[in-house]
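Data block below; observations after.
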């Protein structure tokens with residue numbers, strides 16, 4: 001079962017709108033939120049006991065956060081921080 005949800009658009013440099021989509025999937029009976037910029041997967045938020053792990057797909061950097069929302073925000077923030 002896969003569910004997609006468009007969470008909004010981000011205004012980038014030169015007022016360019018970027019589409020951010022969250023896909024809810026299951027992998028190994030574990031719910032995972034995939035963060036997409038356009039058609040590109042940039043990160044995943046995975047439950048980890050009583051917290052969540054936000055993983056950047058490009059370099060496998062992990063961030064431990066308290067909520068799914070915090071994980072989503074961290075992934076988007078890191079993505080924009082490292083864009084050229």
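Nothing in this text is a laboratory measurement; each read-out follows from the coordinates by a stated rule. This is a predicted model, so every value here is computed, not measured. Note that we place each Cβ from the backbone using ideal geometry, even for glycine, and neighbour counts take in every protein chain shown.
Based on the mean of other beta carbon atoms within 10 Å per residue, what is the order of 54-62, 42-50, most packed first?
Going by the mean number of other Cβ atoms within 10 Å, highest first, we get 42-50, 54-62.
What order do you get for 31-37, 18-24 when each peptide is scored by the mean count of other beta carbon atoms within 10 Å, highest first?
Packing order, densest peptide first, comes out as 31-37, 18-24.
Compute the relative contact order of segment 36-84 as a whole-number percentage, counting only Cα pairs closer than 8 Å that sit 6 or more residues apart in sequence.
Here the relative contact order equals 28 percent.
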